[in-house]
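Inspection log for the structure reproduced underneath, given as structure tokens.
None of the figures in this text is laboratory data; all of them are computed from the coordinates on show. All values reported here derive from a predicted model rather than from experimental measurement. Cβ placement follows ideal geometry from the backbone for every residue including glycine, while neighbour counts extend to all protein chains displayed.
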Amino acid sequence: MTTAPASPLLDEHRSLAASFTDFAGWEMPLKYGSELAEHRAVREVAGLFDLSHMGEIAVTGPQAAAALDFALAGEASRIAVGRAKYSLMCDADGGVIDDLVVYRLGAEHFLVVANAANAPTVARELASRAEQFDVVVDDQSLATALIAVQGPASEAIVSSLVPEDQRATVAELKYYAVADAQVAGIDVLLARTGYTGEDGFELYVPNERSVALWQTLLAATVAAGGVPAGLACRDTLRLEAGMALYGHELTMATNPFQAGLGKVVRLTKDFVGRDALQQLSEQTVQQVLVGLKGDTRRAARAGYTIHHDDEAVVGTVTSGTLSPTLGYPVALAYLDAALAEPGTKVQVDVRGRKEQFQVTPAPFYRRS
């Protein structure tokens, strides 16, 4: 019997009286108190997240860039050292296996960060697709912790914990950039990335140093007026920011063009799924991913059907919530392309009652 993976910070969450949820086999904190208060704290000050369930796969060697160019839909070879890019791994039919972030840490050193549920598959696929290249694929997921501090105060929080000569590094780190840093005396990989729509940092650290890092970051976050934050508010934050979630907006049954991610796909190179995606790029997309804004306070939820003129089903909601920041329901949905124009009125069947929504460009929330 194999033991389910556990975050190295599990006891920390228990000491904070977290409510837990099973996420891709990991026991992860859903919330510590009020998910609404945690959501607001991230928007207004800062929240501290444990994301140790995410997958981290190192790809190193003379042909690391070429291997990733072949394995992924995007062009890893064009990522500058110290920068990151959002990318997709597709199957031979063009379906999305996972959406991921690729960091270039050196000329021959990349870090691929995969979603928790897909991390083992991504690691296997990378190893298989890289066989013909001079490269080493090393799945470091179970040895690596990932902690994120997100919100307007995140830069001040991280800056307060680095040596004086690294404060400029933190301040000047661009969005989707990465650097080595020392936070509270602990060596980390510091990335200015996140999944909340706010400024923020993600810190990669070996498991054995993660508790000390978490405790120091938590003390600094709380001192700034922030809170520890769970996966419940992470979901409402990312939805307000119009960010896709694998398993909802992206699946093996969806292709990048439906999801509005055609710009991520580089058809000018050879990669797994290229021929299928070339064909799909030349076809009319029947349904596309859109944002929806509700007229009442009744939220549309994943799986709810969308109707036009109260008649036939014209789409399906993939994610939805009553937006804590905006005060009205927002949703992402696949909708017939003919109805995808912003301003189009549709109805969502919310537990047997048709509620009015209108097509609205995402993101619904943008930080000032």
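Please give me the summed charge of the neighbours of ASP91: other residues whose Cβ is under 14 Å from its Cβ, Lys and Arg +1, Asp and Glu -1. List each step's numbers first, then the result.
Numbers: positive: ARG124, ARG129, ARG274; negative: ASP93, ASP98, ASP99, GLU125, ASP275.
With Lys, Arg at +1 and Asp, Glu at -1, the neighbours total -2.
How far is it, in nm, from the label point at PHE23 to the one at GLN279 when both lie 7 Å from their Cα along the line to the Cβ?
3.7
In whole Å, how far is the Cα centre of region 189-203 from that of region 295-368?
Measuring centre to centre over Cα atoms gives 28 Å.
Collect residues whose amide H, placed 1.01 Å from N in the peptide plane, falls under 5 Å from the amide H of ALA145; neighbours closer than 5 in sequence don't count.
VAL205, ASN207
Which whole-Hz couplings ³J(HN,Hα) result when phi for each residue of region 181-195 is put into the Karplus expression 6.51 cos²θ - 1.76 cosθ + 1.60, θ = phi - 60°, listed in order with x for Gly and Pro?
Working through the residues one at a time gives 8, 10, 10, 6, x, 10, 6, 9, 9, 10, 10, 8, 9, x, 9 Hz.
Using 0.36 nm per residue of separation minus the Cα-Cα distance, give me the extension gain between ASP138 and GLU108 in nm, one decimal.
Details: separation 30, 0.36 × 30 = 10.80 nm, distance 1.35 nm.
My answer for the length gained is 9.4 nm.
Within the chain, how many lysine pairs that are 8 or more places apart, or on different chains, have C-alpha atoms less than 19 Å apart? Working shown, then result.
Values: LYS85/LYS174; LYS85/LYS263; LYS85/LYS269; LYS293/LYS345; LYS293/LYS354; LYS345/LYS354.
Counting lysine pairs in the chain gives 6.
Considering the zone a paramagnetic label at ALA6 would reach in this model (a point 7 Å from Cα along the Cα-to-Cβ line), which residues of region 126-159 have amide N under 20 Å from it?
Label zone hits: 141-147.
Rounded, prolate or oblate: which fits region 284-359, taking a ≥ b ≥ c as square roots of the Cα gyration tensor eigenvalues, rounded meaning a/c under 1.5, else prolate when a/b beats b/c? Walk me through the numbers before you get to the answer.
Working: a/c = 1.70, a/b = 1.38, b/c = 1.23.
The shape class here is prolate.
Helices from the chain with mean Kyte-Doolittle at least 0.0 and a Cα length along the axis of 18 Å or more, per DSSP H: which?
Working: long enough: 207-223 (25 Å, 0.52).
Sorted by number, the helices that extend far enough and score high enough are 207-223.
Provide the gained length on full extension for the span ASP270 to LYS354, in nm with one decimal, where the gain is 0.36 nm per separating residue minus the Cα-Cα distance.
On the way: separation 84, 0.36 × 84 = 30.24 nm, distance 4.63 nm.
Residue separation times 0.36 nm, minus the Cα-Cα distance, leaves 25.6 nm.
Once each part is reduced to its C-alpha centroid, what is the distance from region 223-254 to region 83-113 in angstrom?
19
Near the amide H of GLY291, under 5 Å away, which other amide H atoms are found, from residues 5 or more places off or on another chain, if H is placed in the peptide plane?
Here the answer is THR360, ALA362, since their amide H atoms fall under 5 Å of that of GLY291.
Using the number of other C-beta atoms within 10 angstrom as an exposure proxy, rank GLU240, GLU108 with the fewest first.
On the way: GLU240 23, GLU108 16.
Ascending number of Cβ neighbours within 10 Å: GLU108, GLU240.
When DSSP assigns beta bridges and you keep just the ones with both residues in the chain, what percent turn out antiparallel, to the nearest 5? Show your work: numbers first, answer last.
On the way: 76 of 79 bridges.
Just about 95 percent of them are antiparallel.
Just check region 321-368 against the gyration tensor rule for me: Cα atoms, a ≥ b ≥ c as the square roots of the eigenvalues, rounded for a/c under 1.5, and otherwise prolate or oblate depending on whether a/b exceeds b/c.
Details: a/c = 2.45, a/b = 1.22, b/c = 2.00.
Oblate is the answer for region 321-368, as a/c is 1.5 or above yet b/c matches or exceeds a/b.
According to the square roots a ≥ b ≥ c of the eigenvalues of the Cα gyration tensor, what is the shape class of the chain, taking rounded for a/c under 1.5, prolate for a/b larger than b/c otherwise, and oblate for the remainder?
Working: a/c = 1.83, a/b = 1.16, b/c = 1.58.
Taking the square roots of the gyration eigenvalues as a ≥ b ≥ c, the chain is oblate.
Rank-order 150-158, 200-208, 215-223, 279-287 by packing density, defined as the average count of other C-beta atoms within 10 Å over each peptide's residues, highest first.
150-158, 200-208, 215-223, 279-287
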